[in-house]
Amino acid sequence: MTPPARPNILMVVFDSLGETALQEHIDVLPTLRALQSNSLHFSQAFTCSPESSPARASLFTGLDVAAHNLWTDGVALPGRETPLPEVFAQNGYDSWLVGRRHLAGVSNWTTEHARPNEYHHFDWAHGPLHRSRQNAYLSWLEHTAPSIYTEVFPRQADPDDTEIPQAHHEAMANVPDHLSFNAWVGTKVCGRVELGGPFFGVAGFVVGHSMGGGPALVEALDPKALRQADAALATVLSGVPQNTVIVVTAGRGCVGSVAAQPLNNAAIHVPLLLCAPHLAQQSIGGLVSTMDVVPTLCDLAQVRRPQRLQGQCLTSVTPRGWALSRLRHPGHPHQTALNTKHWKLVLTHGEPRETRLYDLSSDPKEAKNLAADPAHQDRLEEMLDHMMDARVALEDRTEPRIAKF
Amino acid sequence: MSDRPNILLICTDQQRGDSLGCTGASWAVTPNLDRLAAGGTLFENCYVQNPLCSPSRASLFTGKYPSNHGLYANGVPLPKGQHMFTRTLADAGYDCGMIGKQHLAPCDTWRTEPRQNDGYRVFEWAHGPNHRALENDYHRWLRKTHPDVYQGIFPDTGANENTEYSNRARTGTPIDHVPKEAHYSHWVAERAIDFISHDRAKSKPFFLMASFFDPHHSFGAPQEFRDMIDADAIPEPNTKPGELDEKPKDHRACSEKSYSGTAPGFQDYTGAEINEIRAQYWAMIALIDYEVGRMLGALEEAGVLENTLVIFSSDHGEMLGNHQQLLKGPQLYDDLCRVPLIARWSGQIPAGQRIANPVQWIDLSATILAASGCAPGAGVQGQSLLPLVFGEDAGFRTWALSEYRYSGFHTEPLIMTTMLRQGDWKLIIWHGSPACGNTRAGELYNLADDPGELHNLYQSSDHTDQRRAMKQLLLDAMAEAEDRTPDQSRPW
């Protein structure tokens, strides 16, 4: 008997796409709509942070921020962690990334480097407006369409002046679809897929309004970029072999044009689709975390899980039913949020302290704070208890106990 | 650089905060420690971050809460990459030594504790007086200095299965009762005195950890020291009728047996036996005090007492029959979390001062690094106590946190508890799902009215607001206690 071929892995990671936003737009996204109707759809998936880097670190290590310690944007993933592509590379997979990574600081047009054994091919580009010299998309654009490139970027990049003029922003938004960032991601990914497998690939699409050009504690969605990504994904999927596990998710959520609380679920509730040949379509409403992706992919590919791991397999374990998210941005009061099926608690730490309690079943947009309502004091305390226990559950106890004392 | 202070850290094992004459035990025979306190500053509310040896010591050496250093239970090795403050001292030119018990790695089955990247030049290690590792330096010393004692007590190599021998002992074991000249505590002092008087590098300041095993059970001391203790002067254990009915359910199991059922518990003893255990406990402390006196004498004789920062503390407490319990475990009473802390540094730290602010064991490394002029190492979460000592308490945290994460012997379901002390109030959470499968429960005490923690106000309807306020405060403290070590090297 020949052992079954090892499945390829394709992780489609949007920079900022909320689950609610995706469902609002899904009718104009034929590829994602078809994929969703053919996937395990986790309709209640959460990230550990509304910031991009901490959330991605969890997605790629299977650890909560309490363990991986990439606590805010601009912090590099500590060297002791083994990101998932490296795990697969160690197991004989060809690993590659096209587009965004963001596991290290990239402000001031800083170039992000892969680790020595993380990716065999690293077509890195933080976004279409990120002016690192090593931005692979911009190199491609300059080579493919020099006149457009010059029109968008008439001047050399200055790391001390990273303000993107509105004109550049608009010029980039108006490049033809086939020259867009997400079209480039699709083209590059197709090229990598053609080289064969088994591969572990990451397609890092950018659909946030800032286009990778600047920081945004809450990112607004760019619907046009999302449609371009959907079209690019169609080409990719037409070339992907049958034996491929596809994950679709986002580094973090997004908000519309209205400024929202940074821990509003729009910012931390993200899409999560898992599509594999033997997995039947199903929608799962239990709360899960994006850190659960690591053990799930390891198990599906029969690759040994990393020793340091806090996520749990999405296909074999009952969803946790709760999600803890933290905002630890130095420029914002620190906040912690606990989501359960029907209730949400948000604490603002320090002074002035603030407590918010929402009934998600009747108030999904989190408009009415019930924390001061006398009728909800027992519920509030129950959520405080739950948050304490959830925090403790996520502490780093990954070092095995090898003796009694 | 020559005026950087020497540092002598005297650490005992399992010593209650209230066990010294100067901390309220009028029956204690602790003249040397009382004098040390009179010549320095006494911290009345020093809390350890975990009530078990190994996690607590990992907090001492890394300056981090157990939830961050990752050594959450006895039997877990200190995870790779955790930085010991002694390494920082050594790199700054200190001559560093450790004599006695360390426990930053599993020592079960007579295991030899591996060296860490600790910065020590001198490392004379002995996990305990009954620990049969071949590398037990106390045994090596005893074999040379008292061969008859050694042969009489340890005629064979000892079976690995017998690793819990002293945990299971109901009374002192033979090695606890040897004449003081052959005792583990004497060995610690002898080797420390040799370090101070001869062995240290005279061109450098020194750091020495003199780490006693006593007054850890088994409960036994040389007769000479037991004779100094007036057992009748020791009060009866602190409890009240029906106490266990008011406390979270696991307190009862902790009363019946200690160490998750693997060691005799309070209920296995008669009242008279408990009283003798208490007398032996203070006999062990009297011996420690005697040996501390000899070490301080050696500092004086070497002419370095004035420029030595002497710190005395302990890794956690001991139930000692109070609340109808013995030894230690998930209970976060002051019996287990509050430890003695004395700091003496002539001409620097005010003499005779008592500080009531809660301080934490993780503050010791920050204090030592500050006194020695070293920058705090990456990830050190403690705060230097020096500003507090000099009366600058603005900005010093007002609370203390302790975390038990199935740190002791195994139970089903796992037990996890968290303690927050602020002002007169103390909250203890017994965690439930999703932290562990245990039943969620709690304790709330007003230490001003009830310093003995006998009256659990957690379910009291008069204290609902206080309980909820303390829970919010605990969540704030836990957020503040997170490890945000890696630098934010870029704005985004």
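A short reminder: the numbers here are calculations on the coordinates, not readings from a lab. All of these numbers come straight from a predicted model, not from anything done at the bench. So basically every Cβ, Gly included, is an ideal-geometry build from the backbone, and we count neighbours across all protein chains shown.
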task = With the Cα gyration tensor of the stretch A:1-44 in hand, give its eigenvalues times 5 under a square root as the equivalent ellipsoid semi-axes, listed largest first in whole angstrom.
result = 28, 12, 10
key: Separation of the B:Gln459 and B:Asp108 label points, Cα + 7 Å toward Cβ, nm   = 3.5 nm
request  = Kindly state, to the nearest 0.05, the FRET efficiency for A:Asp160 paired with B:Ser489, given R0 = 25 Å and r defined as their beta-carbon distance.
outcome  = 0.90
inquiry  = Distance cut-off 21 Å, Cα to Cα: go down the list B:Lys247/B:Lys426; A:Lys344/A:Lys368; A:Lys341/A:Lys368; A:Lys344/A:Lys365; B:Lys80/B:Lys202 and report the pairs above it.
reply    = B:Lys80/B:Lys202
remark   = Gyration tensor on Cα atoms of the stretch A:214-316, a ≥ b ≥ c root eigenvalues, a/c under 1.5 rounded, else prolate if a/b beats b/c, else oblate, says oblate
inquiry  = Give me the one-decimal nm value for the distance between modelled label points at B:His198 and B:Leu134, 7 Å along each residue's Cα-to-Cβ direction.
reply    = 2.7 nm
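Estimate the FRET efficiency between B:Ala375 and A:Asn38 by the formula 1/(1 + (r/R0)^6), using the beta-carbon distance for r and 56 Å for R0, to the nearest 0.05.
The computed FRET efficiency comes out at 0.50.
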key: Stokes-Einstein D for the protein assembly as shown, Kirkwood Rh over Cα pairs, 20 °C, 1.002 mPa s (µm²/s)   = 72 µm²/s
request  = Normalising by the residue count of the stretch A:327-393, find the relative contact order in percent from Cα pairs under 8 Å and 6+ residues apart.
outcome  = 21 percent
task = Before anything else, pin down the relative contact order of chain A: Cα pairs under 8 Å, at least 6 apart, normalised by residue count, whole percent.
result = 25 percent
request  = Loop only per DSSP, at most 16 neighbouring Cβ atoms within 10 Å: give me the chymotrypsin sites (Phe, Trp or Tyr not before Pro) in the stretch B:341-420, ordered by residue number.
outcome  = B:Phe390, B:Phe396
ask   = Along the charge dipole of chain B, Cβ charges K/R +1 and D/E -1, which of B:Phe123, B:Gly81, B:Ala37 sits furthest on the positive end?
value = B:Gly81
query = Does chain A come out rounded, prolate or oblate, given a ≥ b ≥ c as the square roots of the eigenvalues of its C-alpha gyration tensor, rounded meaning a/c under 1.5 and, failing that, prolate meaning a/b above b/c?
reply = oblate
ask   = Cα atoms only, the stretch B:219-377: Rg and Dmax in Å?
value = 19.2, 57
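Grab the DSSP H runs of chain A that are 4 residues or longer, score each as -39,500 (n - 2.57), total them, divide by all residues and round the 222 nm result to the nearest 500 deg cm²/dmol.
After summing the helix terms and dividing by the residues of chain A, the value is -8500 deg cm²/dmol.
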inquiry  = Classify the stretch B:6-392 from the C-alpha gyration tensor, please: rounded if a/c falls under 1.5, else prolate or oblate depending on whether a/b exceeds b/c.
reply    = rounded
task = Compute the distance in nm between two label points, each set 7 Å from the Cα along the Cα-to-Cβ direction, one at A:Ala167 and one at B:Gln267.
result = 8.4 nm
note = Listed by chain and number, the lysines with an alpha carbon less than 21 angstrom from that of A:Lys188, same-chain partners under 8 positions apart left out, are A:Lys224
query = What ranking of A:Arg326, B:Arg226, A:Arg115 emerges when the number of other C-beta atoms within 10 Å of each C-beta is taken as an exposure proxy, fewest first?
reply = A:Arg115, B:Arg226, A:Arg326
message = At a threshold of 8 angstrom on Cα-Cα distance, excluding pairs fewer than six apart, so keeping six or more, what relative contact order does the stretch B:37-100 reach in percent?
response = 22 percent
task = Would you mind checking the stretch B:7-32 for residues with the amide N under 20 Å from a putative spin-label position 7 Å along Cα→C-beta of B:Arg294?
result = B:8-13, B:29-32
query = R0 = 25 Å: FRET efficiency of B:Arg143 with B:Arg115, Cβ-based, nearest 0.05?
reply = 0.65
